[in-house]
Structure formats: structure tokens, C-alpha cells
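The values are calculated or read from the model by the stated rules, or taken from the named source; none is laboratory data. Please read all numbers here as calculations on a predicted model, not as lab measurements. Cβ atoms come from the backbone with ideal geometry, glycine included; neighbour counts cover every protein chain shown.
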Amino acid sequence: MIDYTLRGINADELSFKVNPMQVQPNQKFEIKPFFSRRIQTAKENPKVNIVILECKIESTEEAPKPFNLVVRLVGVFEVNNMTTDEDRRIFALNATETLYPYLRSTVSSLTAASFINPLNLPVISGATLFPEDREGFTGNGQDN
């Protein structure tokens with residue numbers, strides 16, 4: 001049975017930039033964060049796994065946003081008994097579940113410290129953050 005322990009979390013990148021734009025009173029923006037995750041095994045110790053969880057909000061011409069934001073957190077986990085692909089999948093789910101509340105809190109704190117209304121990411125299960133983690137995902141871009 002897989003066993004893991006969170007050994008530490010740090011912020012690899014925290015950035016916030018206001019985009020110069022004319023905003024009309026009561027103008028609404030659709031803020032859709034983009035999430036990504038990378039998992040790496042440390043070369044010097046195969047029991048150490050690094051999980052990088054990132055939230056990005058970027059303005060584009062097609063979808064202007066009043067700000068750009070990047071929050072990238074790095075979690076260091078000691079993992080034992082991870083031998084199969086199923087173990088790796090379970091670890092990815094659990095590590096995401098562990099790190100997501102920290103990511104959510106950091107996004108709220110960063111936006112509040114930037115003197116705008118705090119952006120509160122939804123309270124969701126980290127296991128539903130990525131399509132490949134959802135039950136019934138077939139790998140072809142369609143959920144069953």
C-alpha cells in the first residue's frame with residue numbers, strides 16, 4: 001500500500017500584474033484560471049517526489065482580464081511503496097488534494113495584498129481539478 005508524507009511546501013513563483021485597460025462601471029470579467037500539475041521524482045532519492053501545482057490567469061486579446069496572475073507551489077513528498085501505475089495515479093490524486101487548499105489560500109492572499117477584491121477559487125476536491133483524474137476519463141478528451 002502506498003504511503004506518503006508531505007515534507008514541505010514552498011512558493012516557486014508568485015506574480016500579480018495589473019493590466020492597463022479602460023474598465024467601465026459595473027463591467028464584468030470572466031476569470032477562468034488555468035491549472036497545471038507536474039510530478040517529478042528526485043534523481044538523488046527515488047522516494048522523494050516533487051509536485052508542482054500552478055494556477056495562471058492571463059489576459060489575451062480575445063479574453064481580456066484586469067490582471068495577470070501566476071501562483072506556482074512546490075510540494076515535496078516522501079513516498080514509499082509506489083510501484084505500479086495505479087499507485088502513481090493515487091499519489092497524484094492525493095498530492096493534488098493536499099496542495100490545492102494551499103494554492104487556493106495563496107491566490108486569495110496574493111490578490112488581497114494587491115489591493116483588489118480577493119479572488120477565491122472554488123472549494124472543490126483536488127481530485128476533480130484535472131480531467132485525467134476524474135472518474136470515467138477515457139483519455140480522449142471526453143468524460144464518460
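Tabulated data
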{"item": "Residue list for the stretch 17-71, restricted to those being of a type in the set (D, E, K, R) and not in a strand (DSSP E or B)", "result": "Lys28, Glu30, Lys32, Lys43, Glu44, Lys47, Glu58, Glu61, Glu62, Lys65"}
{"item": "Filter result for the condition that a residue is more than 11 Å from the chain's Cα centre (by Cα) and either at pLDDT below 95 or farther than 22 Å from Leu129 by Cβ (or both), over Asn49, Asn10, Asn80", "result": "Asn80"}
{"item": "Restricting the stretch 98-132 to residues that are part of a helix (DSSP H, G or I), in contact with a helix residue (DSSP H, G or I) (Cβ under 9 Å, 6 or more places away or on another chain) and more than 22 Å from Glu13 (Cβ to Cβ), the residue that is modelled with the lowest pLDDT", "result": "Ala127"}
{"item": "Qualifying residue in the stretch 54-68 (condition: in contact with a helix residue (DSSP H, G or I) (Cβ under 8 Å, 6 or more places away or on another chain), surrounded by 14 or more Cβ atoms within 10 Å (Cβ to Cβ) and aliphatic (A, V, I, L, M))", "result": "no"}
{"item": "Every residue from the stretch 72-97 that is in a strand (DSSP E or B) and of a type in the set (Gly, Ala, Ser)", "result": "Gly75"}
{"item": "Residue in the stretch 17-28 that is within 23 Å of Leu129 (Cβ to Cβ) and touching a strand residue (DSSP E or B) at 6+ places or on another chain (Cβ under 6 Å) present", "result": "no"}
{"item": "Residues satisfying the stated conditions in the stretch 71-123, i.e. surrounded by 18 or more Cβ atoms within 10 Å (Cβ to Cβ) and among the hydroxyl-bearing types (Ser, Thr, Tyr)", "result": "Thr96, Tyr100, Thr106, Thr111"}
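Listed here are the residues, each with its yes/no results for (1) of a type in the set (S, T, N, Q); (2) touching a residue at least 60 places away in the same chain (Cβ under 8 Å).
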site: Lys47; (1), (2): no, no
site: Thr60; (1), (2): yes, no
site: Val70; (1), (2): no, no
site: Phe77; (1), (2): no, yes
site: Ile90; (1), (2): no, yes
site: Ala95; (1), (2): no, yes
site: Ala112; (1), (2): no, no
